[in-house]
Amino acid sequence: MKVTIDNITLEVEPGTTIMQAARMIGPEIAPPAMCYYEPLKGTGGKCRGCLVKVTAGSEKDPRPMPKLVPSCITTVQDGMIVENTINEQVLETRKGIVEFLLLNHPLDCPVCDQAGECHLQDFSFEHGVSATRTVEDRNTFDPVDLGPYIKLNMNRCILCYRCVYAADQLTEGRVHGVMHRGDHAEISTYIEKAIDNDFSGNVIDVCPVGALTDRTYRFKSRVWFSKPEDAHCDCDKCSGNVTLWYRGDEVIRVTGRKNEWGEVKEFICNTCRFERKKTSDWVIEGPTKIARHSVISANKYGANLIQPSFPIKQAALEYKLIDDDRDRSFLPARKSLPSSEKK
Amino acid sequence: MKILTEHIEVPGIETIDVFRKHGGYQAVEKALKKMTPDEVTEEVKKSGLRGRGGAGFPVGMKWSFLAKPEGVPRYLVCNADESEPGTFKDHYLMWKSPHTLIEGMIVSSFALGANTSYIYVRGELMYVIHILEKAIQEAYDKGLLGKNILGSGYDLDLYVQSGGGAYICGEETALLESLEGKRGNPRNKPPFPAVKGLWQCPTVVNNVESIAATSWIVNNGGDAYAQIGVGRSTGTKLISASGHIRKPGVYEIPLGITVEDFIYSDEWCGGIRDGHKLKAVVAGGSSVPILPAEMILTTATGEKRLMTYESLSDGGFATGTMLGSGGFIVMDETTCIVHNTLTFARFYHHESCGQCSPCREGTGWMDKVIKRIELGQGRKEDIDLLVDVAKKIEGNTICPLGDAAAWPVSAAIRHFRDEFEWHIEHPELATQPGAVYMRPGASWSN
């Protein structure tokens, strides 16, 4: 099947979604996904961040689709032509979606554990606008503990339903779901029942924002100060393939291994996640590849791996030109620096 | 011309004996004994009957889309979750004459080959549910439901299910979720219910009025039904008329009468209440665009507007509206449009399911901004903000609730912008109790 996305044509299997096809091309073309999570069945279609324009439905019926379609759940037809990053309407709508998602979001990134690996941060950085148009009070909720390991801060939640699907599909006994409606809807457990099963910790990994966080890791470190290492162990409950997050020599956090789209490859059990926090529990495989242009890679760890891309280089160059031309005559003449301070 | 409400005022019509005395259940006998399911579908197609729930999609065409794989049950679900503000026609029909609906259900289920059918009634109408259940029991007792109906070999079980009190469950896929016992969140489409509906089986969801009309079509033929009405708007329509009119109530009108007739004729609404003038009309339930008096009576081309799907939507949303579900809300000049829009916005804010972000956040935002304007704390930029928010919700949501929330707000601003501006510029006047903006030159009453 042939599909054209942003003027790039590729062959895909029948049944592929537009999102999957776009991801084959690369992260520049792939629409943002806040709710879609490939390993979980039934996710997608909720955040509307991945809406794209279909300018030709298929070879047989080349009419454009009247509305923007969610790329994560729309399957490709032969000869379909899709516009994502080159369509004004799509980009304008996406701006609106960011605005909607941030409307009741507290923007407390400075005290949020997710900052640095938050999909909402990435999404709003890439597609949002810097100014807000709202003067209304935000809806607020009290943070609650879902058992000893998981903290729920509903203020930050964007109701992507990923955790609901994860809890449904990975664990037994349905205790985790959504209560109420509209913008007062909240993630909750049945009568505040503590979540108690072996795979509940995965809801933390699937959460795109800081609504569900690891209570054993909270406030221990900013994520960009920690160094991820792939490791494995013999676990009778799960595959045992994890990522360890080091601060110095200390394992401060254990998570599942994620692919370049931030999706967990193999879900891990709570014992691995919350209790095996010594290096001696693990066989280290080596540094984790952080494939996305993440702030985590901006730390000393892996700093040499990132190549500044075009705009950053350009900006630095332009800044230098401006700086060189700056009129400094009003400043008192400065003595030349001692040689030890020169680089 | 009355089809659904012909005998509705007959005492005892809610009992099966009286109902049969007035020609009830003839359609069941005719369809099951003399016709094949395809012939029934063909008659409905010929009739040009369009869905009465709001969207106006041809019923016969919807039925023909139903997938019919071997060995998979098919379902007919009657959408009686009528919750749109200003619409109360299905309630009236089920309450007064439950057998009209049940007869239609049997005929329609037969046409679709469904052996199990459901009537999903909104939870607030508990007494209607009791009436329906009593009527269904009567039908079972007379052999009109259950195994081998009237000896034709066709089986049908009919159930009534009560909703939990959510407007969103009137959306067909949310209704199916709710019927399955889940949270009433709309599903992503495709797949459409005709392919994967209730319990992943092919399902048709129709409005009460559409289903009730099928028995008359079977009795009298599709052509006879198509004779009534104008163009593609065939048959009769129940209109729930409310607001500042002399005679509010449910009226069955032949499609094609003029709007002016409907409002001012003594046969229908009887005109605006004494000493007042028409200001605006919401023609099809709260979600359709509001129209000022001059636009609802005549189209942009100067023709008289008719009560049909086409004529009401003439001119698009710039100068037109929609027939919708037939919730005809009439307002006179004492109505504050800003307050009215706030009421609608608050409703959609409360009823948004919260699944997709534009609707969840956008409805709340619009509600809060309009509330601020109404309370005299509006800012100049708020009007354009509202238009922009409405634009960003419209068309970008999973289900039509987003559109339904956006249209009344954008239409109110389109046609009554000066009223919003007055609220913002003169908060001290606008926040007086009962204060209503009057256009320069307008008079208070006749």
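Which members of the range A:95-125 meet the condition of being outside any loop (DSSP other than H, G, I, E, B) and either more than 10 Å from chain B (Cβ to nearest Cβ) or among the aromatic types (Phe, Trp, Tyr) (or both)?
Within the range A:95-125, A:PHE100, A:CYS109, A:PRO110, A:VAL111, A:HIS119, A:LEU120, A:GLN121, A:ASP122, A:PHE123, A:SER124, A:PHE125 qualify.
Could you tell me which residue of the range B:169-224 is farthest from the other protein chains (Cβ to nearest Cβ), considering only residues that are over 18 Å from the mean Cα position of the chain (by Cα) and among the acidic types (Asp, Glu)?
B:ASP223
With respect to B:ARG20, is the statement that it is assigned to a helix (DSSP H, G or I) and basic (Lys, Arg) true?
yes
I'm trying to understand the selection: among the residues of the range B:189-216, which are in contact with a Leu (Cβ under 9 Å, 6 or more places away or on another chain) and over 12 Å from B:LYS62 (Cα atoms)?
The answer is B:GLY197, B:LEU198, B:TRP199, B:VAL208, B:GLU209, B:ILE211, B:ALA212, B:ALA213, B:THR214, B:TRP216.
Residues are listed down the side, and each one gets a yes or a no for (1) in the same structural domain as A:GLU28 (by TED's automatic domain parsing); (2) under 22 Å from B:PRO358 (Cα atoms); (3) in contact with a helix residue (DSSP H, G or I) (Cβ under 8 Å, 6 or more places away or on another chain):
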{"position": "A:LEU51", "(1), (2), (3)": "yes, yes, yes"}
{"position": "A:GLY57", "(1), (2), (3)": "yes, no, no"}
{"position": "A:LYS60", "(1), (2), (3)": "yes, no, no"}
{"position": "A:ARG63", "(1), (2), (3)": "yes, no, no"}
{"position": "A:PRO70", "(1), (2), (3)": "yes, yes, no"}
{"position": "A:GLU88", "(1), (2), (3)": "yes, yes, no"}
{"position": "A:GLY128", "(1), (2), (3)": "no, yes, yes"}
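With the structure loaded, tell me whether A:CYS50 is touching a residue at least 60 places away in the same chain (Cβ under 8 Å), within 19 Å of the chain's Cα centre (by Cα) and buried (at least 16 other Cβ atoms within 10 Å of the Cβ) or whether it fails that test.
Judged against the criteria, A:CYS50 is not a match.
In the set A:ALA298, A:ALA211, A:ALA316, A:ALA231, which member is at pLDDT 90 or above, of a type in the set (A, V, I, L, M, F, W, C) and more than 16 Å from the chain's Cα centre (by Cα)?
Just a single option satisfies the conditions, and that option is A:ALA231.
Does any residue of the range B:185-194 turn out to be touching a residue at least 40 places away in the same chain (Cβ under 8 Å) and farther than 24 Å from A:THR17 by Cα?
No, there is no match, as no residue in the range B:185-194 is touching a residue at least 40 places away in the same chain (Cβ under 8 Å) and farther than 24 Å from A:THR17 by Cα.
Answer yes or no as to whether B:TYR118 is at pLDDT below 95 and either under 19 Å from B:GLN26 (Cα atoms) or not assigned by TED's automatic domain parsing to the domain that holds B:CYS353 (or both).
Criteria not met by B:TYR118.
Take B:GLU374 and tell me if it is crowded, with 17+ Cβ neighbours inside 10 Å, of a type in the set (D, E, K, R) and modelled with pLDDT under 95.
yes
Would you mind listing the helices (runs of 4 or more DSSP H) fully within the range B:340-441 where at least 3 residues are within 14 Å of chain A (Cβ to nearest Cβ)?
The helices (runs of 4 or more DSSP H) meeting that bar are B:357-374, B:382-393, B:401-425.
All but one of (1) at the interface with another protein chain (Cβ under 9 Å from one of its Cβ atoms); (2) surrounded by 15 or more Cβ atoms within 10 Å (Cβ to Cβ) hold for A:SER71; which doesn't?
Evaluating A:SER71 over (1) at the interface with another protein chain (Cβ under 9 Å from one of its Cβ atoms); (2) surrounded by 15 or more Cβ atoms within 10 Å (Cβ to Cβ) leaves (1) as the failure.
The values are calculated or read from the model by the stated rules, or taken from the named source; none is laboratory data. Small disclaimer: the values here were computed from a predicted structure and weren't measured. Glycine gets a Cβ as well: all are built from the backbone with ideal geometry, and neighbour counts include every protein chain shown.
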